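Have a look at the structure below before the remarks.
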Amino acid sequence: MDMNEIKEIFFQECEEQLAELESGLLKMNDGDRDPETVNAVFRAVHSIKGGAGAFGLDDLVAFAHVFETTLDCVRSNKLEPTQDVLKVMLKSADVLADLTNAARDGGSVDESRSRGLVKELEALANGELPTPSAGVEAPVAKPAPVAATPAPKPTDDSGFQPIPFSFDDFSGEEEVGSDLPTYEITFKPRSDLYSKGNDATLLLRDLSRLGEMSVYCNMDALPGLDELDAEAAYFYWNITLKTDKGEDAIRTVFEFAEWDCDLQITAGEEKVTAPDAEELPMIPVPFDLSILDDGATEAPAEQPKADVAAAVTAAETASNVTQMAAAAARVEKKESAAAAAASAAVAAQNNAAAGAGQTIRVDLDRVDRLINLVGELVINQAMLSQSVIENDTTGTSSINMGLEELQQLTREIQDSVMAIRAQPVKPVFQRMSRIVREIADMTGKTIRLITEGENTEVDKTVIDKLAEPLTHMIRNAVDHGIETPEKRAAAGKNVEGTVRLTAKHRSGRILIELADDGAGINREKVKQKAIANELIPADANLTDEEIDNLIFLPGFSTADKISDISGRGVGMDVVKRSIQALGGRINITSKPGQGSVFTMSLPLTLAVLDGMVVTVAGQTLVVPLTAIVETLQPEAAAIHSFGANHRLISIRNSFCPLVDVGRILNFRATQANPVEGVALLVESEGGGQRALMVDAIQGQRQVVIKSLEANYTHVPGIAAATILGDGRVALILDVDAVVGASRGQALRQEVSLAAVG
């Protein structure tokens with residue numbers, strides 16, 4: 001494996017760490033003060049910094065170092081994580097992501113923004129709280145007592161600060177604290193300690209805060225590079241600590257790592273018990289312990305001779321070597337770090353560690369090829385079954401029994417393969433948080449994004465294509481939907497606007513809702529703008545629903561002037577086309593003064609579906625099973641005429657419109673007799689229930705979806721196609737387009753947003 005492959009693995013892990021970072025910061029912004037949440041945020045930045053240092057990514061290391069220092073002040077309760085503090089940290093997380101992307105793909109990052117955030121982070125670390133945001137009542141936070149620190153030191157362009165070393169009086173004997181209890185500590189990490197995100201450097205630093213400390217690092221077990229085990233731990237430390245905090249305080253330092261190391265703590269003499277000099281290389285170095293706290297913690301008034309620098313250097317070396325080697329080893333296998341290291345309770349930590357799963361990284365092209373092959377397997381299995389059924393009239397042969405087992409196995413393989421590509425929508429939702437922050441800053445608004453159902457799983461193909469329409473919808477909600485703080489206050493609303501993004505499963509589909517508590521759609525303004533742009537005639541008589549849907553027309557915008565955010569009329573048009581390309585549909589519900597709700601309904605997968613195979617005017621169609629409520633045989637007494645061309649069917653003392661599918665799709669010129677066919681009671685988004693009339697039902701089957709747009713062209717009323725067991729091509733019905741046509745809507749591509757399922 002070459003260095004480029006190892007580096008690519010590092011960047012893949014950076015994506016996970018950045019997601020963990022933003023998730024933790026958002027939890028803290030919502031009031032979560034769990035120490036483990038803070039620790040998880042700190043570990044994410046520290047891990048990125050450590051890996052970036054191994055690859056010489058200086059800009060990334062420099063920014064992460066300052067960010068890490070400020071997070072450590074929060075972790076040690078020296079900085080209160082108010083919303084204004086977290087606003088700076090969320091912006092810093094965005095810049096950290098930009099620096100990571102720039103290091104991976106090239107390009108540049110706005111240096112003025114990054115330097116400005118470096119100054120803000122340094123100010124926070126020095127106890128200077130930011131000015132509360134205008135328009136939002138922020139709690140007055142009293143800064144925690146911070147040790148007296150020198151004035152901020154000048155920094156170079158990389159963001160690093162020079163660290164002072166004290167070289168005075170190396171030989172003098174120290175008497176300070178000689179009456180304090182002394183503890184001998186042996187700290188031997190196991191490989192699990194590093195794989196779970198812990199760091200010996202941080203543990204030694206936290207330990208040094210308890211009192212006066214001397215350390216020897218044992219490097220005797222370190223093998224040659226050719227014998228190095230990527231996931232092994234070779235260093236351990238002998239520590240002498242003089243403190244009045246007691247043994248419980250010492251064990252508290254190691255509470256998250258105690259089960260991943262050998263730890264011995266005994267009362268001892270005021271010296272470090274080290275192995276023989278010939279067996280262990282020992283490098284005693286006088287050192288100012290304040291370096292361990294990056295100048296943020298008050299060090300003891302007088303420091304003894306200590307070799308902590310050598311120990312910390314060795315710890316950092318061990319950490320970096322382990323990170324680089326482990327990165328190479330994790331190509332085929334990696335431990336799940338979040339399961340074990342994130343538990344605040346010891347018992348919960350053990351359970352998490354025992355249940356941690358294993359994952360592998362697989363190129364998505366390989367998964368897609370496997371899915372295509374399984375799709376062909378399903379088609380061939382159906383063909384084989386069809387052939388046997390046509391040539392075997394007994395129905396009891398061993399071949400039939402074998403085919404039934406083959407069908408079950410094929411279905412299980414199909415479901416298992418599709419589950420491989422299923423992923424939660426969380427990464428896409430997390431990306432929207434940054435967009436909300438950036439647009440809110442540009443418009444001077446205060447907005448909170450609330451996400452629900454982030455763990456809802458959907459096909460990877462769908463997730464990849466969700467980002468663009470969601471981005472346009474978020475920008476539209478923030479720019480047009482949410483009012484300014486002044487207008488919200490005048491209307492009696494909270495000056496902080498709310499955008500809610502929700503995902504959930506329903507009837508074999510995924511529903512994504514984007515709701516805001518803004519002013520709602522100004523329908524009169526929308527209509528007048530559409531008339532002015534000659535998108536509709538001036539005498540058009542439109543319903544509220546039709547007016548709302550005007551915002552999806554190409555070139556439509558209600559913005560008074562073009563800005564960096566909106567005004568060109570391409571945003572919502574892109575949303576409509578993107579959702580349509582995914583085989584989905586979108587609905588709008590808006591109440592003036594209360595806000596709007598955009599609901600997207602998408603298929604869980606673009607590969608397979610369960611369908612009912614039916615016959616209509618000699619044509620074979622597949623109706624998605626998720627849309628069917630029930631099937632029934634109409635009786636003459638249940639059919640009622642309504643108007644000139646409409647009919648109703650009575651179902652359990654209620655009336656439902658009867659839709660002739662063959663007539664809607666122009667398969668026949670006249671309406672068929674309902675009594676001679678079968679009615680499929682279906683339910684569509686926004687259209688209520690309808691009874692679709694077909695000639696006959698052939699059976700229920702799982703079919704492989706083939707795109708008509710990619711292989712032929714768009715056909716109104718048809719969502720896709722499939723290949724049946726006899727080799728014929730069957731069309732998959734677009735239920736919502738057919739229902740819309742029954743309500744008087746034109747059955748054409750421009751207005752059809754319906755889809756499979």
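Summary table
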read-out: Extended-chain gain in nm, criterion 0.36 nm per residue less alpha-carbon gap, residue 619 and residue 438; value: 59.9 nm
read-out: Distance between modelled label sites at residue 255 and residue 383, nm, 7 Å Cα→Cβ extension; value: 6.5 nm
read-out: Fewest-first sequence of 3, 473 by Cβ atoms within 10 Å of each Cβ; value: 3, 473
read-out: Given 487/525; 119/465; 27/493; 87/591, the pairs whose alpha carbons are separated by over 27 Å; value: 119/465; 87/591
read-out: Reciprocal mean inverse distance between Cα atoms of the range 200-269 - Kirkwood radius, Å; value: 13.6 Å
read-out: Interchain or long-range residues, amide H under 5 Å from residue 218's placed H; value: 236, 237, 238
read-out: Rg and Dmax of the range 364-422, Cα atoms only, in Å; value: 13.8, 45
read-out: Virtual spin-label span in nm between residue 630 and residue 700, 7 Å along Cα→Cβ; value: 1.5 nm
read-out: Segment residue 494-residue 19, extension gain: residue separation times 0.36 nm, minus the distance between their alpha carbons; value: 168.1 nm
read-out: The range 513-558 and the range 207-250: distance between their alpha carbon centers, rounded to Å; value: 68 Å
read-out: Cα gyration tensor category, rounded, prolate or oblate, for the range 608-742 with a/c compared to 1.5; value: prolate
read-out: 5 angstrom amide H check on residue 585, placed H, neighbours 5+ away; value: 601
read-out: Of 49/576; 91/426; 7/445; 445/504; 91/527; 426/706, those spanning more than 31 Å from alpha-carbon to alpha-carbon; value: 49/576; 7/445; 91/527
read-out: Cut-off 19 Å (backbone N to label point 7 Å along Cα→Cβ of residue 654), residues of the range 613-638; value: 626-635, 638
read-out: Net charge of Cβ neighbours under 12 Å - reference residue 597; Lys, Arg +1; Asp, Glu -1; value: -2
read-out: Potential extension, residue 411-residue 455 segment - 0.36 nm per residue separation minus Cα distance; value: 13.4 nm
read-out: Between the range 31-95 and the range 453-497, the alpha-carbon center distance in angstrom; value: 26 Å
read-out: Residue 233 long-range amide H proximity, modeled H, under 5 Å; value: 191
read-out: Size descriptor, Kirkwood hydrodynamic radius, that averages inverse alpha-carbon separations across the range 425-603, Å; value: 16.7 Å
read-out: Vicinal HN-Hα couplings computed from phi for the range 431-439 (Karplus, 6.51 cos²θ - 1.76 cosθ + 1.60; Hz; Gly/Pro x); value: 5, 5, 4, 5, 4, 4, 4, 5, 5
read-out: Burial ordering of 241, 449, 263, 364, fewest other beta-carbon atoms within 10 Å first; value: 364, 263, 449, 241
read-out: At R0 = 22 Å, FRET efficiency that the Cβ-Cβ distance of residue 726 and residue 668 yields, to 0.05; value: 0.40
read-out: Environment charge of residue 95, counting only residues whose C-beta is closer than 9 Å and scoring Lys/Arg +1, Asp/Glu -1; value: -1
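Read-outs: derived from the displayed coordinates by stated rules, not from any lab. If you're wondering where the values come from, they're calculated on a predicted model, not measured in any experiment. Quick reminder, even Gly has a Cβ in these numbers, built from the backbone with ideal geometry, and neighbours come from all protein chains shown.
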